[in-house]
1. Does the stretch 37-54 contain any residue that is open to solvent by 20 Å² or more (accessible area, probe 1.4 Å) and without any contact (Cβ under 8 Å) to a residue 12 or more places away in the chain?
2. Just the residues that are under 13 Å from the mean Cα position of the chain (by Cα) and either assigned to a loop (DSSP other than H, G, I, E, B) or of a type in the set (Lys, Arg) (or both), please, taken from the stretch 204-214.
3. Which numbered condition in (1) within 19 Å of Arg63 (Cβ to Cβ); (2) open to solvent by 80 Å² or more (accessible area, probe 1.4 Å) is the only one that Lys137 fails?
4. Within the stretch 174-191, how many residues turn out to be more than 13 Å from Ile24 (Cβ to Cβ), open to solvent by 20 Å² or more (accessible area, probe 1.4 Å), of a type outside the set (Ser, Thr, Tyr) and assigned to a loop (DSSP other than H, G, I, E, B)?
5. How many residues does the stretch 72-101 hold that are within 30 Å of Arg180 (Cα to Cα), in contact with a Phe, Trp or Tyr (Cβ under 8 Å, 6 or more places away or on another chain) and not in a loop (DSSP other than H, G, I, E, B)?
6. Which pairs have Cβ atoms under 8 Å, sit 6 or more apart or on different chains, and link a residue in the stretch 109-133 that is free of Cβ contacts under 8 Å to residues at least 40 places away in the same chain to one that is outside any helix (DSSP H, G or I) and among the acidic types (Asp, Glu)?
7. Name the residue that is least open to solvent (accessible area, probe 1.4 Å), counting only residues in the stretch 140-163 that are closer than 23 Å to Met53 by Cβ and of a type in the set (S, T, N, Q).
8. Can you tell me which condition Leu158 does not meet? The list is (1) in a loop (DSSP other than H, G, I, E, B); (2) under 18 Å from Asp126 (Cβ atoms); (3) under 15 Å from the mean Cα position of the chain (by Cα), and all the others hold.
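The values are calculated or read from the model by the stated rules, or taken from the named source; none is laboratory data. Computed from a predicted model, the values in this text were never measured in an experiment. Cβ coordinates were reconstructed from backbone atoms using ideal geometry, including for glycine residues, and neighbour counts include every protein chain displayed. To get the accessible areas, we keep the full protein, side chains included, count just its heavy atoms, and leave off ligands, DNA and RNA. Shrake-Rupley method; radii C 1.70, N 1.55, O 1.52, S 1.80 Å.
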Amino acid sequence: RIHGPHFAHFIYYKKIRKTPETFIFLGRTYQYLTALYNATYTNERSVEVPIAMNIMNAYHGKRILEVGNVLSHYLVFPHVIVDKYESAPGVINEDILDYSTDEKFDLIISISTLEHVGWDETPRDDTKIPKTLENLKNLVMPGGQIIITVPIGQNPVLDDMVRKRSIEFDRRYYMKRVSRSNLWSETSEEEAYSSKYGSPFRYGNAIMIAFISR
């Protein structure tokens, strides 16, 4: 039985959401995530988490680090979680900039977290994102991957760094929200950065999915 604070929103979602119930990313078809936690049917989590889950399937049995405690709210799998603020069983409460370990990871994944680094801290520190990425590169083993998703427009400093290539990713892909009912489609970088966070729809209206290979 569905219950809780998001019940009314879920009913509303089911009324307005029309087919298709799937989206395409890099030629693969995914099912939208419609979990009640964080009301994913209203925001970018509906596409971020399925994409992340598909990537992690390829790393079954490997060492995985998640930066920001997001995925454990939707699925259970063995991995290390570093989150500076969220207190939960198994979560390491440490600044990812300072986190170190002797064992390297095959995969590092971060869902809508990098945009908060330095930006939502007091005092604000715009130098933390490049430093954090360098630390992540030190934590991943040769042949491993770093996957990062961020909503466009939530951190203008990060957006500017990406567009000016002052921080580098090996591959960048973009998705844009195209309907009130939270349907998404692939888009260009130009189109993604013409979007605004929170407008015309609540939360992210475009996201970047970025890859770093070691």
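1. Let us first name the residues in the stretch 37-54 that are open to solvent by 20 Å² or more (accessible area, probe 1.4 Å), namely 37-38, 42, 45, 53-54.
Filter once more, keeping what is without any contact (Cβ under 8 Å) to a residue 12 or more places away in the chain: none.
Checked the stretch 37-54: no residue is open to solvent by 20 Å² or more (accessible area, probe 1.4 Å) and without any contact (Cβ under 8 Å) to a residue 12 or more places away in the chain.
2. Taking the stretch 204-214 first, the residues under 13 Å from the mean Cα position of the chain (by Cα) are 204, 206-211.
Passing the criteria: only Gly204.
3. If we test Lys137 against (1) within 19 Å of Arg63 (Cβ to Cβ); (2) open to solvent by 80 Å² or more (accessible area, probe 1.4 Å), just (2) comes out false.
4. Within the stretch 174-191, residues that are more than 13 Å from Ile24 (Cβ to Cβ), open to solvent by 20 Å² or more (accessible area, probe 1.4 Å), of a type outside the set (Ser, Thr, Tyr) and assigned to a loop (DSSP other than H, G, I, E, B) number 1.
5. Of the residues in the stretch 72-101, 1 are within 30 Å of Arg180 (Cα to Cα), in contact with a Phe, Trp or Tyr (Cβ under 8 Å, 6 or more places away or on another chain) and not in a loop (DSSP other than H, G, I, E, B).
6. Matching pairs, first to second residue: Gly118/Asp125; Gly118/Asp126; Trp119/Asp126; Lys128/Glu121.
7. Restricting attention to the stretch 140-163, the residues satisfying the condition of being closer than 23 Å to Met53 by Cβ are 140-141, 143-152, 154.
Retained after the next criterion (residues that are of a type in the set (S, T, N, Q)): 145, 149, 154.
Numbers: Gln145: 31, Thr149: 5, Gln154: 51 Å².
The residue in question is Thr149.
8. (1)
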